[in-house]
Amino acid sequence: MWQTLIAVIGTLAGVGMTSGYQARAARTARRDADRTAGLDAVTALVEALAAHRRAMWIREDLRLRGEDWSTARTESHSTRSAVTGPLLKVQLLLPAVGPQAQTAAKAAYALRGAPDDTGLAARREAAITACDGLVAVVGRHLT
């Protein structure tokens, strides 16, 4: 009788330990998957913001020089639209860095309507700095 009781207790203990290890492994895998998805979203956002900054630089430079900028305007509309999806993903997957992501996007959008070449260059630098700030915040958040 005691042998049966010890066997049952041992079996239950083994099942409990195995379940605990499996649950921990599942949590770790989920955390790693979430981290990877967050990094992918930030990467896509930073790439989209860089493309939009470039498009806006070209557009505004042409505008300030008095040249035809209608094609550049169309391109800038496309690149701005390309920011929307990655920005949303970052805000949903990494809500702690959502405000910094918004700041980086707004800084890229602010290249529009620069008063002169100096203002355009300053706005571009501000957008680059905001994007670098986003990357730094994400790095701190994920470590």
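Scanning the range 81-104 finds one or more residues that are modelled with pLDDT of 95 or more, in a helix (DSSP H, G or I), out of contact with any strand residue (DSSP E or B) (no Cβ under 9 Å at 6 or more places or on another chain) and farther than 25 Å from Arg35 by Cβ. Would you mind stating whether Ala33 is closer than 28 Å to Gly133 by Cβ and either among the hydroxyl-bearing types (Ser, Thr, Tyr) or at pLDDT below 75 (or both)? Here the answer is yes, as Ala33 does meet what is asked. Only one entry of Gly139, Gly98, Gly113 meets the criterion of being among the small types (Gly, Ala, Ser), surrounded by 15 or more Cβ atoms within 10 Å (Cβ to Cβ) and farther than 15 Å from Ala50 by Cβ, and that entry is Gly98. Of the residues in the range 59-76, not one is modelled with pLDDT of 95 or more, surrounded by 16 or more Cβ atoms within 10 Å (Cβ to Cβ), among the polar types (S, T, N, Q) and under 10 Å from the mean Cα position of the chain (by Cα). Only residues that are surrounded by fewer than 17 Cβ atoms within 10 Å (Cβ to Cβ) and either farther than 19 Å from His141 by Cβ or touching a Leu at 6+ places or on another chain (Cβ under 6 Å) (or both) were counted in the range 77-95, giving 5.
Quick one: is Asp132 surrounded by fewer than 17 Cβ atoms within 10 Å (Cβ to Cβ) and over 25 Å from Ala37 (Cβ atoms)? Quick ask: steps written out before the conclusion?
Numbers: surrounded by fewer than 17 Cβ atoms within 10 Å (Cβ to Cβ): yes; over 25 Å from Ala37 (Cβ atoms): no.
No; evaluated as a whole, the condition is false for this residue.
The values are calculated or read from the model by the stated rules, or taken from the named source; none is laboratory data. On a predicted model such as this, the values are computed, not experimentally measured, just so you know. Here the Cβ is made from the backbone with ideal geometry for all residues, glycine too, and neighbour counts use every protein chain on show.
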